[in-house]
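None of the figures in this text is laboratory data; all of them are computed from the coordinates on show. Note that this is a predicted model, so its numbers are computed, not measured. Methodologically, a virtual Cβ is constructed for each residue, glycine included, from the backbone with ideal geometry; neighbour enumeration extends over all protein chains shown.
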Amino acid sequence: MNATMKSNEHAHVGPVKLDEIDMEIIRALKRDGRTPFAQIAQRLGVSTGMIRQRYQRLTKEGVLQVVAVTNPLLLGFSTMAMIGIKVDGAHLQAVAEQIASLEEVIYLVLAAGAYDLFAEVAFRDNEHLLEFLSQRLRTIEGIRETETFMYLKIVKEIYSWPDIERE
């Protein structure tokens, strides 16, 4: 399954209306993405079918995505970094799409500020990083400048938003 989210993947614009059952499904799956629908249904006093339908709606609308998260260090990717990228304005979207297609890029955002893009990347070693920067990233037309910020230690890493209090 491809965990890449594109801004135009879901037709729904604006916040999705969620009720307390939706929120409880989200909370349960944030704690453990493998929680059986039957267990969630029992806890909420509703049918398993209702939980399945709600889950399908939440994933279809892009509210919820359940993915496997791997540890890059344990998979042999010992070098991680954030790369700030300055782009010629007319090429921003095309450059972003090209960078997003590179397998070493695990997170990419368009930003406002000193850099136009930030790419989080993972590599086997410094040699792999050097090859990526010199032979692949910097050859993309429209990139004006890059700055690489090497990760020394990851202090906090989460993959879900904090609980949202509903009004």
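Some observations on this one:
- Which of ARG31, ARG144 has the fewest Cβ neighbours within 10 Å, and the rest in rising order: ARG31, ARG144
- Across all directions, the shadow cast by the convex hull of the range 20-60 built on its C-alpha atoms averages 2.5 square nanometres.
- Cα-Cα pairs of the chain separated by more than 20 Å (percent): 62 percent
- Distance between the pseudo-spin-label points of VAL67 and GLU120 (7 Å out from Cα toward the beta carbon): 1.0 nm.
- The range 82-126, Rg to Rh (Cα coordinates; Rh as Kirkwood inverse mean 1/r): 0.98
- Proxy reagent accessibility, fewest Cβ within 10 Å first, across THR79, THR48: THR48, THR79
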